[in-house]
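Asks: My questions all concern the structure below.
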Amino acid sequence: MVSEKVPQEIDQTLMNILMAPLEQASRHGLWGVEAQRISKTGQWLGWVPSHLPFLFFADTVCKEIANGYASHGQKAEGQREDRRKSESLLHAMALDHLAQRNPYTLSQGESKLIWFLTQWAKQPEYLVISDLKGGLSVKLQDRLLQFIMEQTIKFQLNQTVILGVTDSDKSWKEKWVNQGWKHVTGFLSEI
């Protein structure tokens, strides 16, 4: 858990690292070395931003998450096995009822959770959720954290999950630190 020194510190840092170089590149440069660097970064980094719009590419939630699995396998589109695994993730998060919905019809909190599951399916080395509370009720925050803990233990994952939090709710942070989460101040300063 990372307490941000300034609001949206994590998002701003990742935008500077990932997006600024693309914005400065020429149109021809978008297909060159910089684009390859961004693509390689996407293989080891998953990011759930706090205020950027989520971009979905499939017509159902299940297919969107399946495409995350496909991405990990360096495939263009999720297949039957990827869809089965995405259904399993939705079930583990108690979101089965969203499986056949179009991702663009979801609420802000539902969109955030589906974007999270899509990033999770990519199996990145680092998964960053820049604002845990943004758009999620306390119940959904707890469900998300429980999911991360259970899946990490169940599948013995060697993945670093970074959660952006604020200092406003000390008891909430203490609860999760007592369950094994490490707490640091400032993104990239102590990680």
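Asks: Return the residue satisfying two criteria in turn: it lies in segment 130-139 and is over 12 Å from the mean Cα position of the chain (by Cα) and not β-branched (Val, Ile, Thr), and of such residues it is surrounded by the most Cβ atoms within 10 Å (Cβ to Cβ). Give the derivation first.
Replies: Within segment 130-139, the first condition is being over 12 Å from the mean Cα position of the chain (by Cα), and the residues that meet it are 133-139.
The next check asks that each one be not β-branched (Val, Ile, Thr); those that pass are 133-137, 139.
Working: LYS133: 18, GLY134: 18, GLY135: 17, LEU136: 20, SER137: 10, LYS139: 8.
Ranking the qualifying residues of segment 130-139, first place goes to LEU136.
Asks: Could you check segment 168-191 and list, in sequence order, the residues that are modelled with pLDDT of 70 or more and closer than 15 Å to VAL128 by Cβ?
Replies: TRP181, LYS182, VAL184, GLY186, PHE187, LEU188
Asks: Being at pLDDT 80 or above and not in a helix (DSSP H, G or I): is that true of LEU132 here?
Replies: Spelling it out, LEU132 is indeed at pLDDT 80 or above and not in a helix (DSSP H, G or I).
Asks: Under 7 Å by Cβ, and 6 or more places apart or on different chains, what pairs join a residue from segment 89-116 that is touching a residue at least 24 places away in the same chain (Cβ under 8 Å) with one that is among the aromatic types (Phe, Trp, Tyr) and buried (at least 19 other Cβ atoms within 10 Å of the Cβ)?
Replies: Every condition considered, the pairs that remain are LEU89/TRP120; ALA92/PHE147; MET93/PHE147; PRO103/PHE56; TYR104/PHE56.
Asks: Given the conditions (1) in contact (Cβ under 8 Å) with a residue 24 or more places away in the chain; (2) within 17 Å of GLN146 (Cα to Cα); (3) over 14 Å from the mean Cα position of the chain (by Cα), report the number of the one that LEU127 does not fulfil.
Replies: Result: LEU127 fails condition (3) only.
Asks: Further question on the same structure: Condition (residue is under 15 Å from SER111 (Cβ atoms), in contact with a strand residue (DSSP E or B) (Cβ under 7 Å, 6 or more places away or on another chain) and either loosely packed, with under 14 Cβ neighbours inside 10 Å or not β-branched (Val, Ile, Thr) (or both)) applied to segment 38-47: is it met by at least one residue? Don't jump to the end; show me each part of the working.
Replies: Kept after step one, since they are under 15 Å from SER111 (Cβ atoms), are these residues of segment 38-47: 47.
Subsequent filtering for residues that are in contact with a strand residue (DSSP E or B) (Cβ under 7 Å, 6 or more places away or on another chain) retains 47.
Those still in the list that are either loosely packed, with under 14 Cβ neighbours inside 10 Å or not β-branched (Val, Ile, Thr) (or both) too: 47.
Within segment 38-47, one or more residues are under 15 Å from SER111 (Cβ atoms), in contact with a strand residue (DSSP E or B) (Cβ under 7 Å, 6 or more places away or on another chain) and either loosely packed, with under 14 Cβ neighbours inside 10 Å or not β-branched (Val, Ile, Thr) (or both).
Asks: So which helices (runs of 4 or more DSSP H) are wholly in segment 8-123 and hold at least 2 residues that are modelled with pLDDT under 90?
Replies: Working: elements: 9-18, 20-24, 33-44, 61-72, 80-92, 108-121.
Passing ranges, in order: 9-18, 20-24, 33-44, 61-72.
Asks: To continue, here is another question. So TRP115 fits all but one of (1) on the phi > 0 side of the Ramachandran plot; (2) within 16 Å of the chain's Cα centre (by Cα); (3) not polar (S, T, N, Q); what number is the exception?
Replies: (1)
Asks: Checking TRP120 against (1) under 12 Å from the mean Cα position of the chain (by Cα); (2) more than 26 Å from ALA58 (Cα to Cα), only one condition comes out false. Which one?
Replies: TRP120 satisfies every listed condition except (2).
Asks: What about SER137, is it of a type in the set (Ser, Thr, Tyr) and under 16 Å from PRO53 (Cα atoms)?
Replies: No; evaluated as a whole, the condition is false for this residue.
Asks: Now a separate question. So is ILE153 of a type in the set (A, V, I, L, M) and closer than 17 Å to PRO49 by Cα or not?
Replies: Numbers: of a type in the set (A, V, I, L, M): yes; closer than 17 Å to PRO49 by Cα: no.
So ILE153 does not fit the description; no.
Asks: Among the residues of segment 66-74, is there at least one that is surrounded by 13 or more Cβ atoms within 10 Å (Cβ to Cβ), under 30 Å from PRO7 (Cα atoms) and out of contact with any Lys or Arg (no Cβ under 7 Å at 6 or more places or on another chain)?
Replies: Within segment 66-74 (the criterion being surrounded by 13 or more Cβ atoms within 10 Å (Cβ to Cβ), under 30 Å from PRO7 (Cα atoms) and out of contact with any Lys or Arg (no Cβ under 7 Å at 6 or more places or on another chain)), the answer is no, since none of the residues qualifies.
The values are calculated or read from the model by the stated rules, or taken from the named source; none is laboratory data. What you are looking at is a predicted structure, and each value in this text was computed from that prediction instead of being measured. For neighbour counting, all protein chains shown are included, and Cβ atoms are generated from backbone atoms with ideal geometry for every residue, glycine included.
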